[in-house]
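The values are calculated or read from the model by the stated rules, or taken from the named source; none is laboratory data. In this text the structure is predicted, and so the values were computed from the model without any measurement. Ideal geometry is used to build each Cβ from the backbone, glycine not excepted, and the neighbour counts take in all protein chains shown.
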Amino acid sequence: MLKKIAAVVACVGLLMTVGCAKTDAGITTNVKTKLAADDTVKANQINVDTANGVVTLTGTVENPAAKQQAMLIARQTNGVRDVVDQITVNRAEATSGTGDAIADTSRNTADRVEDFGQKTVDKTEGLGRETVNKTEDLGHKAGEAVTDAAVTSAVKTKMLADSTVKGLKINVDTNNGVVTLNGDVSSKAERDKAIMIARGTKGVSRVVSNLHVK
């Protein structure tokens with residue numbers, strides 16, 4: 001009898017948790033926003049996908065510190081049940097410079113500015129962060145290809161800023177410049193506006209709409 005009661009209580013607790021949990025699209029947006037605001041993490045190198053509260057992080061970072069910070073940010077986001085780590089560390093960046101250098105000193109002084117093809121330069125951690133964190137527009141001017149993660153972040157940011165589109169209810173995924181929109185919208189006008197925003201974002205080659213009008 002006690003086992004049955006415990007099972008019922010567990011089920012009720014699970015239902016309450018699921019009912020209160022944020023949508024996968026909302027979790028994805030929150031994680032990306034936090035990554036973009038963090039000085040240690042380069043958000044345009046990390047792609048975020050959420051399924052049933054489980055966040056999967058993919059992409060490449062320059063050092064282990066950035067990877068650990070990205071994992072920590074995702075775990076501390078409301079609604080996240082678990083985090084799957086598929087982030088890789090760019091070994092060429094991590095090992096550049098003198099092989100006998102102390103690891104912490106290497107992290108602080110060996111940040112390379114990729115946009116200008118500059119080799120590793122010695123500088124303080126603060127200066128390295130200021131020069132390495134680049135906007136998407138600067139990347140275009142320097143001739144760099146826009147990453148899928150950067151395209152996803154740009155589309156989500158525009159949707160959140162638009163009064164017609166409820167960005168948190170729309171999930172955005174990008175693969176080789178092809179943006180796929182998933183989720184429910186309240187009207188045809190909202191759906192059309194979301195598609196227009198995606199098509200007008202730099203780096204987008206095509207838009208696939210799986211949006212449903214409730």
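A few points about this structure:
- Residues in segment 48-79 that are polar (S, T, N, Q), surrounded by 15 or more Cβ atoms within 10 Å (Cβ to Cβ) and more than 22 Å from VAL155 (Cα to Cα): ASN63, GLN68, GLN69.
- Whether a residue is farther than 17 Å from ALA37 by Cα, acidic (Asp, Glu), over 15 Å from the mean Cα position of the chain (by Cα) and at pLDDT 90 or above was assessed, and ASP49 does not pass this test.
- All conditions in (1) at pLDDT below 90; (2) within 15 Å of the chain's Cα centre (by Cα) hold for VAL155, with the sole exception of (1).
- Scanning segment 72-88 for residues that are in a helix (DSSP H, G or I) and among the β-branched types (Val, Ile, Thr) turns up just one, ILE73.
- Residue in segment 15-25 that is modelled with pLDDT of 85 or more, within 12 Å of the chain's Cα centre (by Cα), surrounded by 12 or more Cβ atoms within 10 Å (Cβ to Cβ) and assigned to a helix (DSSP H, G or I) present: yes
- Subset of segment 191-208 (residues that are crowded, with 16+ Cβ neighbours inside 10 Å and either within 16 Å of SER153 (Cβ to Cβ) or in contact (Cβ under 8 Å) with a residue 24 or more places away in the chain (or both)): LYS193, ALA194, ILE197, ALA198, THR201, GLY203, VAL204, VAL207
- Any hit, segment 181-202, residues being under 19 Å from ALA36 (Cβ atoms), touching a Leu at 6+ places or on another chain (Cβ under 7 Å) and at pLDDT below 60: no
- Matching residues in segment 159-188 - criterion: being part of a strand (DSSP E or B) and of a type outside the set (A, V, I, L, M, F, W, C): ASN171, ASP173, THR174, ASN175, THR180, ASN182, GLY183, ASP184
- For segment 34-47, the condition of being within 16 Å of THR147 (Cβ to Cβ) and part of a strand (DSSP E or B) holds for at least one residue.
- Search result, residues across segment 155-171 that are touching a residue at least 60 places away in the same chain (Cβ under 8 Å) and among the β-branched types (Val, Ile, Thr): ILE170
- Scan of segment 56-71 for residues that are in a helix (DSSP H, G or I) and under 19 Å from ALA25 (Cα atoms), ordered by number: ALA70, MET71
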